[in-house]
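No value in this document is a laboratory result; all are computed from the given coordinates. Quantities reported herein were computed from a predicted structural model and do not represent experimental measurements. So basically every Cβ, Gly included, is an ideal-geometry build from the backbone, and we count neighbours across all protein chains shown.
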Amino acid sequence: MTLDDCWAIVEAAEKYRKHCLMMENCCYDRFELMVLNLVRQGVLGEVLHGEGGYLHDLRALKFATEGEGLWRRAWAQTHNGNMYPTHGLGPLANCMDINRGDRFASIVSMSSPSRGLQLWQAEHLTADDPRRREQFQLGDQNVSLIQTARGRTIYLAHSTHCPRPYSRLQVVQGTRGIASGWPYRLHIEGKSPAHEWEPADTYYPTYEHPLWRSQRIKEMDRGHGGMDFLEDFRLIECLRSGVPTDFNVYDAVALSSMVELSIRSVRSGGKPQSVPDFTRGGWKTAAPWPIVEPPEGR
């Protein structure tokens, strides 16, 4: 939640030579991994821009009296920024080789007024409910713009206090095409009809990520459609095989740092905030995450 904690985790992992990673399940979703495969094969051309977010109506959940609503509501009382960046940003970081040829360099962030939770309080809680007296800082909509060291741009959004269907956006724009989530669709120059979208299903037969071609993965329709299973499967497989994990401590803190950096930018009226280089220059020579194959027979 803070830059100091991010640095402490990095330094501990380096000192003790221990794996430390974030279990970000959206990096393993079917569409996101197909888009990564398209990027690796050059189908989208040079990647220039991405869009991601966490857009999820959580008003009822935040006022629950148990579970994750407790910490989510507590954050909304004390923080104003992009409080949940990793779902949208993780897959984009893979497509842009963040910490493996590029890195997040700066962020500008601003928040709308805070209205949604206050309206929910007034309309759903009794007058004597102590939750009616809580006050909130978190803006209903946070918009952040990130620029990478190589000049690429990312739009990162957070919205959990307004009525809306769920979305993570997941847009990857390249010089030869674009992939866009929610609904999942693509436009590839020279393949798609001019100025028209094609459904993602059109491209799965040719560009499905190898991990999602695994029959075992397809049968594991549990935990967000199977991506939770694949996330756990990959971690265990890497540890058993003695190979580097798909993501590492530098990826974990690069994504997490956006919380405090966005808060700082909002507090300063949208002034740019520099993103620390947690790799200490290692991003310039680190190899991108490869398109991994499933173990034989799995």
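Miscellaneous remarks
- For the chain, the longest piece that avoids every one of the GluC sites (Glu not before Pro) found in DSSP loops with at most 16 other C-beta atoms within 10 Å covers 209-295.
- Rounded Å value of the spacing that divides the Cα centres of the range 125-172 and the range 35-60: 18
- Loop-located trypsin sites (Lys or Arg not before Pro) in the range 212-279 (DSSP state other than H, G, I, E, B) with a sparse environment of at most 12 neighbouring Cβ atoms within 10 Å: Arg222.
- Residue order, fewest to most surrounding Cβ atoms within 10 angstrom, among Asp251, Asp4, Asp128: Asp128, Asp4, Asp251
- Counting only residues at least eight positions apart within a chain, or on another chain, the aspartates and glutamates with an alpha carbon under 16 Å from that of Lys18 are Asp246, Asp251.
- J(HN,Hα) series, the range 149-161, from Karplus relation 6.51 cos²θ - 1.76 cosθ + 1.60, nearest Hz, glycine and proline x: 4, 8, x, 6, 10, 9, 9, 10, 10, 9, 8, 10, 10
- Sequence-distant residues sharing a close amide H with Gly174 (under 5 Å, placed H): Leu48, Ala179
- Hz values of 3J(HN,Hα) by residue in the range 241-249 - Karplus curve (6.51, -1.76, 1.60), Gly and Pro given as x: 8, x, 10, x, 5, 4, 10, 9, 5
- Phi to ³J(HN,Hα) by Karplus 6.51 cos²θ - 1.76 cosθ + 1.60 over the range 100-113, Hz, x for Gly, Pro: 9, x, 8, 7, 5, 10, 8, 9, 10, 9, 8, 10, 6, x
- Which of Leu92, Leu211 has the fewest Cβ neighbours within 10 Å, and the rest in rising order: Leu211, Leu92
- Whichever lysines have a C-alpha closer than 29 Å to that of Lys218, once near sequence neighbours (fewer than 8 apart) are set aside: Lys191
- Between 0 and 90°, nearest 10: helix 68-78 axis offset from the chain longest Cα axis: 70
- The range 3-276: relative contact order in percent, alpha carbon pairs under 8 Å with at least 6 residues between: 31
- Counting beta carbons within 10 Å around each of Ser167, Ser256 and listing the fewest first gives the order Ser167, Ser256.
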